[in-house]
Amino acid sequence: MDVLGDILSTLQLRSTLYFRAELTAPFSISVPEDRAVIRFHVANRGPCLVTLPTGEATRFEQGDLVLVPHGAAHVLSDPSSKQPRPLGEVLKESGFDGSGPLVFGGGGEQTVIVCGYFAFAHEAVHPVIASLPSLIHLPAVADRSYQWLEQLVSYMEGESRAQVEAWSEIVRRVAEILFIHVLRSYMGTHPNSTAALLALGDPQIGKALALIHAEPAREWSIGALATHAAMSKTAFAERFRQMLGTTPGKYLVDWRMHKARMLLDRGDTSVKQVAWEVGYESETAFNRVFSAHFGVTPGRFKMRRANPANEEPEPAENSEASDT
């Protein structure tokens, strides 16, 4: 079971390209916070400095990619610039109207970067995504496979510049592939990655995750999962919690609800059928758990998705659920 692929598909990964920025020194642009997105910047020509509010700064150059996983505010600048300008002011001053490149700066050395973001439907939360560090920097020479990734980014940048018919759809799909490769490359080059990421490839916890994702409707007990992982029940439960920050039972319930939300979002499946597909013979029990997670009944959620014009903001997710 491809657990990472299942996670990204179920959480409905999408992406958007903001712009191709042609910047000249001196320049310093303050990008505002947006916790709902994972921003990325790819240097087509460098150098550029990305600085977080904590003061953490990373220089990236041609072929490098920088990811800001939790949408934190940050500054993009040339190495010599000091006082940043808000992005809104830069867009207005440059006359950027959403087409063509964003051109800005003092006329010195040129930096060209492609900027965009990844996001998930309904601001979905998963331990693997939530555990990503505040900044990921992948140099173009990080590993052999990254050469292909650099070519993929160049292709995306070329499509965004040419803007031939259907270019935005091509960029969207390529960017999704890019995100998968970023996570794979990050895990491959950072042996001390976050525990949740490492869990995907762990020979024991990874096997349990594969079973849950392959058959989320099955009544997986901690004992059954521990047996498949060739561990004692106690040791398995503790290791699972340490790596993913939750219990096996709660992970199963949370994942069932993510699956249910995705199925309801499609609009072609009844609430009763969705309940059955995620492991609930009782529609009443399913309604109760779904409502506890998302603050709305499955029927109401389905109706909102079918009539987005009448949709009201949903409360924040409530992840309370019982263990199995």
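Coordinate-derived values only; no laboratory data. Here the structure is a predicted model, which is why all the values come from computation and not from measurement. Because the Cβ atoms are built from the backbone with ideal geometry, glycine has one as well, and the counts that use them run over all protein chains shown.
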Practice item. Could you compute the FRET efficiency for R288 and K92, with r as their C-beta to C-beta distance and R0 at 56 Å, rounded to 0.05? Key: 0.70
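For the chain, return all DSSP H helices satisfying: extent of Cα atoms along own axis at least 30 Å; mean Kyte-Doolittle hydropathy at least -1.0.
Sorted by number, the helices that extend far enough and score high enough are 167-189.
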Practice item. Mind ranking 25-33, 100-108 by how tightly packed they are, going by the mean number of other C-beta atoms within 10 angstrom, highest first? Key: 25-33, 100-108
Check your understanding: Given labels modelled 7 Å from the Cα in the Cβ direction, how far is it in nm from Q12 to A166?
Key -> 2.3
Exercise for review: Counting only DSSP beta bridges with both residues in the chain, tell me the antiparallel percent, nearest 5.
Suggested key: 85
Exercise for review: Arrange the following residues from fewest to most other Cβ atoms within 10 Å of their Cβ: T234, T269, T51.
Suggested key: T234, T269, T51
Study note, to complete from the structure: With +1 at each Lys and Arg Cβ and -1 at each Asp and Glu Cβ, the charge dipole magnitude of the chain around its Cα centre, to the nearest 20 debye, comes out at 460
